[in-house]
1. Enumerate the pairs (first residue in the stretch 153-169 and part of a helix (DSSP H, G or I); second residue anywhere and surrounded by fewer than 17 Cβ atoms within 10 Å (Cβ to Cβ)) with beta-carbon separation below 7 Å, excluding pairs fewer than 6 apart on the same chain, so at least 6 apart or on different chains.
2. Looking only at the stretch 180-197, count every residue that is touching a Leu at 6+ places or on another chain (Cβ under 7 Å) and either part of a helix (DSSP H, G or I) or surrounded by 18 or more Cβ atoms within 10 Å (Cβ to Cβ) (or both) and tell me the total.
3. Among the residues of the stretch 175-216, which ones are touching a residue at least 24 places away in the same chain (Cβ under 8 Å) and closer than 20 Å to Glu142 by Cα?
4. What's the total number of residues in the stretch 38-50 that are surrounded by 12 or more Cβ atoms within 10 Å (Cβ to Cβ) and touching a residue at least 12 places away in the same chain (Cβ under 8 Å)?
5. Looking only at residues that are more than 17 Å from Asn92 (Cα to Cα) and polar (S, T, N, Q) in the stretch 129-154, which one is modelled with the lowest pLDDT?
6. Since Glu9 meets every condition but one in (1) at pLDDT 85 or above; (2) in contact with a Pro (Cβ under 7 Å, 6 or more places away or on another chain), which condition does it not meet?
7. For the stretch 217-231, name all the residues that are in contact (Cβ under 8 Å) with a residue 60 or more places away in the chain and in a helix (DSSP H, G or I).
Amino acid sequence: MFCKTCGKEVNQNAEFCLNCGVNPQTGNAYCYNCGVNTNPEQVVCVACGVNLEKNVSRNADSNDAKAFCKGCGSKVNEKAEICTSCGINPLNGHNYCQNCGATTTAEQEVCTSCGVRVSGKARNRESSKYTTSDSSYKSYSEYYQNEFSAIEKSNEEYQGKFNLVAFFFTTIWSLTKGMWQLAIIDAVIYLIPFVGIPLSVVFGILVGRKANYLYYRKEKYGEQLPKDWSILFDFINQK
């Protein structure tokens, strides 16, 4: 499709034209279908015959429309609630654009490849279990509700209680929380000849100390693994 303001070709799902910065569906200088010049009085494009007063329908003809997981970048059905590649909600995370799969950052408001909004505010509106004004953790057990609320209220200075389940059953706990990469690491450590079992115990202790914080970060930001592994050795913020 074409931007109605500047005539540049844009992605059909774009909320902003990357050439002029406005919503491509607004304006009346160009036909959205073929990109030829038009005037404000025109109702029909004389070049292609489309109705100029009608906005472009987005994905209206596709029951199997594809999107991209924001966590790992894999293609998913746009209605999918779980990405089969990484196991998280495809609208959680901030590593990839959900529309075109381009790499993004947590600070980005708009994808610079296709013009679709990818900001955190948009993600919250789409699928987050959290709200911007008053975080709600009602879908979690009371234990995690209390832990997540305490972590958030402290601006993450508090990093959770020691989680005994995560210590004794690190691999299983990680899998049940959707952190399969952490589960793989623990399983690999356990299988190391001669030293695997003691190393796995040490790793379980480190994970158990920060398990609730790791789970909080995974649910809120889509992190499968700690961005900074040194937090496992931080004994100051363990209250």
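The values are calculated or read from the model by the stated rules, or taken from the named source; none is laboratory data. Predicted, not measured: the structure shown is a model, and the values here were computed from it. Don't worry about glycine lacking a Cβ; one is built from the backbone with ideal geometry, like all the others, and counts go over all protein chains shown.
1. Qualifying pairs under 7 Å: Phe167/Ile205.
2. Step one: list which residues in the stretch 180-197 are touching a Leu at 6+ places or on another chain (Cβ under 7 Å), which gives 181-183, 189, 192.
Applying the additional criterion that residues be either part of a helix (DSSP H, G or I) or surrounded by 18 or more Cβ atoms within 10 Å (Cβ to Cβ) (or both) yields 181-183, 189.
Residues meeting the conditions: 4.
3. Residues satisfying the conditions are Lys177, Gly178, Gly208, Arg209, Lys210, Ala211, Asn212, Tyr213, Leu214, Tyr215, Tyr216.
4. Number of matching residues: 6.
5. Ser133
6. Status for Glu9: all satisfied but (2).
7. Lys218, Glu219, Lys220, Tyr221, Ile231 - these are the residues of the stretch 217-231 that are in contact (Cβ under 8 Å) with a residue 60 or more places away in the chain and in a helix (DSSP H, G or I).
Rundown of residues vs (1) assigned to a helix (DSSP H, G or I); (2) modelled with pLDDT of 80 or more; (3) surrounded by 16 or more Cβ atoms within 10 Å (Cβ to Cβ), yes/no style:
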position: Lys54; (1), (2), (3): no, no, no
position: Ser85; (1), (2), (3): no, yes, no
position: Asn99; (1), (2), (3): no, yes, yes
position: Thr112; (1), (2), (3): no, yes, no
